[in-house]
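The structure under discussion appears below in the form of structure tokens.
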């Protein structure tokens, strides 16, 4: 019996200096670390839809993090403008039921969910489209992260997850 296998090998021929070997080894380590960092960050590649991760269950609610600052939320005019911008942009993905942007308490104390925007959609198809489209986009100079948010926490106004 004859078994043919394919093996890819890379061979470097020639005499190299020890300092060149050291540079080559460091470059390989650097490339490996970059690949790991991209996997950990969950790089959003245009045109490639990401399904839910092990910890993430589909939900009608999408949470955007790092979308707004405390200063923006304290200014009533800016808050209303952000709310309108979010509604206008996020209704493009399906029926948007509600947008919640938690604000600091009137006494200045921070409340749960500051800096987050919660988008409630009529169905999971719309929330998936929004999550995929908004994750990694810039809003106000910040790179936004979009994740599913548990509906039961959203409906009970628990915004601290």
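Couple of notes before you dig in:
- Qualifying residue in region 90-100 (condition: exposed (fewer than 15 other Cβ atoms within 10 Å of the Cβ) and closer than 17 Å to residue 72 by Cβ): no
- Hey, residue 96 within 16 Å of residue 159 (Cβ to Cβ) and in contact with a helix residue (DSSP H, G or I) (Cβ under 8 Å, 6 or more places away or on another chain) or not: no
- Condition met for residue 104 (at pLDDT below 90, assigned to a loop (DSSP other than H, G, I, E, B) and in contact with a helix residue (DSSP H, G or I) (Cβ under 7 Å, 6 or more places away or on another chain)): yes
- Failed condition for residue 34, given (1) assigned to a helix (DSSP H, G or I); (2) at pLDDT 90 or above: (2)
- Any chance residue 73 is surrounded by 17 or more Cβ atoms within 10 Å (Cβ to Cβ), assigned to a helix (DSSP H, G or I) and in contact with a helix residue (DSSP H, G or I) (Cβ under 6 Å, 6 or more places away or on another chain): yes
- Residue in region 127-141 that is assigned to a loop (DSSP other than H, G, I, E, B), crowded, with 16+ Cβ neighbours inside 10 Å and in contact with a helix residue (DSSP H, G or I) (Cβ under 6 Å, 6 or more places away or on another chain) present: no
- For residue 115, the test of being assigned to a loop (DSSP other than H, G, I, E, B), farther than 16 Å from residue 68 by Cα and in contact with a helix residue (DSSP H, G or I) (Cβ under 9 Å, 6 or more places away or on another chain) is failed.
The values are calculated or read from the model by the stated rules, or taken from the named source; none is laboratory data. The structure displayed is predicted, hence computed values, not measured ones. A quick note on method: Cβ atoms are made from the backbone with ideal geometry, for glycine too, and the neighbour counts reach across all protein chains shown.
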